[in-house]
Amino acid sequence: MELKWTSKALADLARLYAFLAPVNKLAAAEAVQAVTKTPTILLSNPRVGEQLFQFEPREVRRILVGRYEVRYEIAGETLYILRLWHTREDR
């Protein structure tokens, strides 16, 4: 299985770092690292996340990483990271 990040997910990572870094650069780096590590775990068990049926027929799922929600899609042999955000954000 191959892992790909969408441009929106990469923008979300940059936004996360930019929000946290002015207060604590180490915490910002650790948060980004934790969120980016999780998708590699999904490669061995991609269906561990909760399926979001409102996106059918696409197989979109979500997983929580600490206080962050990561949404991803399984399409054939590719796992796409779609978006991520803090669970306190109004989405």
| query | Going by the structure shown, is E2 surrounded by fewer than 17 Cβ atoms within 10 Å (Cβ to Cβ) and on the phi < 0 side of the Ramachandran plot? | reply | yes
| said: Where the second residue is hydroxyl-bearing (S, T, Y) and in a helix (DSSP H, G or I) and the first is buried (at least 16 other Cβ atoms within 10 Å of the Cβ) and lies in region 17-37, which pairs have Cβ atoms under 8 Å and are six or more apart or on separate chains? | reply: A28/Y17; A31/Y17; V32/Y17
| field | In region 46-69, residue surrounded by the most Cβ atoms within 10 Å (Cβ to Cβ) [restricted to those that are more than 17 Å from E2 (Cα to Cα) and in contact (Cβ under 8 Å) with a residue 24 or more places away in the chain] | value | Y68
| request: Would you mind stating whether Y80 is surrounded by 11 or more Cβ atoms within 10 Å (Cβ to Cβ) and either under 18 Å from L3 (Cα atoms) or in contact (Cβ under 8 Å) with a residue 40 or more places away in the chain (or both)? | output: yes
| query | Is it the case that L42 is open to solvent by 60 Å² or more (accessible area, probe 1.4 Å), in contact (Cβ under 8 Å) with a residue 12 or more places away in the chain and aliphatic (A, V, I, L, M)? | reply | no
| field | All positions within region 48-75 that are charged (D, E, K, R) and at pLDDT 95 or above | value | E50, E56, R58, E59, R61, R62, R71, E73
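The values are calculated or read from the model by the stated rules, or taken from the named source; none is laboratory data. Since the model is a prediction, treat every value here as computed from it, not as a measurement. All Cβ positions, glycine included, derive from the backbone under ideal geometry; neighbour counts span all protein chains shown. With ligands, DNA and RNA removed, areas are computed over all heavy atoms of the protein, side chains included. Shrake-Rupley method; radii C 1.70, N 1.55, O 1.52, S 1.80 Å.
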